[in-house]
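What follows draws every value from the coordinates through simple rules; no lab data is involved. In this text, all values refer to a predicted model and were calculated from it rather than measured experimentally. In this analysis, Cβ positions are derived from the backbone assuming ideal geometry, glycine residues included, and neighbour counts consider all displayed protein chains.
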Amino acid sequence: MIYNVDTDLNMEVIKLPKETKKQRLQRERRNKERREKYDFLRSLGYTAKEARKLRQRSWERLYKEHGYDPKKVKTIKNLEHTPPKERYKDQYHMLRQAGFSSKQANKFKSKRPEQVAFLVNAKIKRTPKELKPVGWDYHPFDKHYLDDYAYRVTFTVVYDKPEQATEIDKDLDEIPEVGFRQEKTWTIVSDRPLTADEIIDIIMDRINSNGKNYGASYVEEISVYPMMSYLT
């Protein structure tokens, strides 16, 4: 770098050396990464001013500040071994389910799986509960599940019609008396997000399905702990 003094303006003039090809490529790569981070941050609800400030930070720092650890997201490895066309489709659906618009999902679907999972993770954590996908406040997986969504459901089965029972509930030794109540906990695993109504339908279908009837026509005191594979 060469420093000269402009005597007419009494001002220092800085003349930069000619940029090499390697330096140019590094500069372009840095600028591309900053633009990418800016777009990511804006999509997560940050203001333009906040995004311009935060885009200077490393991916590792951004991940840490958003409570995201890519090593804990098993879905990433699966996506990394998926053909691009299928991966883009899967990542598009991941983004849409997290609350991104179709335009945003199309924009980000071709990003690296690690980055897409970060967007999904951060979006869900930053979105108010009442605006989250299907109204759930998702948590990280408590153990490995094969699909992307898991719902641990605790509920009480009310045996109000034992006289109609065709089989004994496997959790009981005999057909119960009228009004008997039995608490159960099931984990429902799905490749897509489920609504509360869908979960209730799944429970009722399981209690009375394929001709089976345990003498219970409804459940109550339902508590759901929703989990998602993209969260850490």
At q = 0.07 Å⁻¹, the log10 of I(q)/I(0) for the chain from a Debye sum over equal Cα scatterers comes to -0.39
Using only helices, what value at 222 nm comes out for the chain when you add -39,500 (n - 2.57) per DSSP H run of length 4 or more and divide by the total residues, to the nearest 500 deg cm²/dmol?
-12000 deg cm²/dmol
Fewest-first ranking of Ile222, Ile76, using other Cβ atoms within 10 Å as the exposure measure:
Ile222, Ile76
Rounded tilt (10° steps) of 113-126 against the dominant C-alpha axis of the chain:
70 degrees
Charges on Cβ only, +1 for Lys and Arg, -1 for Asp and Glu, centred on the Cα centroid of segment 21-127; of Leu44, Val73, Ser58, which one is farthest towards the dipole's positive end?
Ser58
Out of every Cα pair in segment 21-127, what percent are spaced more than 20 Å from each other?
41 percent
Over 22 Å between Cα atoms: which of Lys32/Lys107; Lys72/Lys123; Lys74/Lys111; Lys22/Lys49; Lys21/Lys109; Lys22/Lys53 fall into that group?
Lys22/Lys49; Lys21/Lys109; Lys22/Lys53
At what distance in angstrom do the alpha carbon centres of segment 54-131 and segment 24-51 lie from each other?
16 Å
So how many Lys-Lys pairs in segment 139-228 land under 17 Å Cα to Cα, not counting same-chain pairs under 8 apart?
4
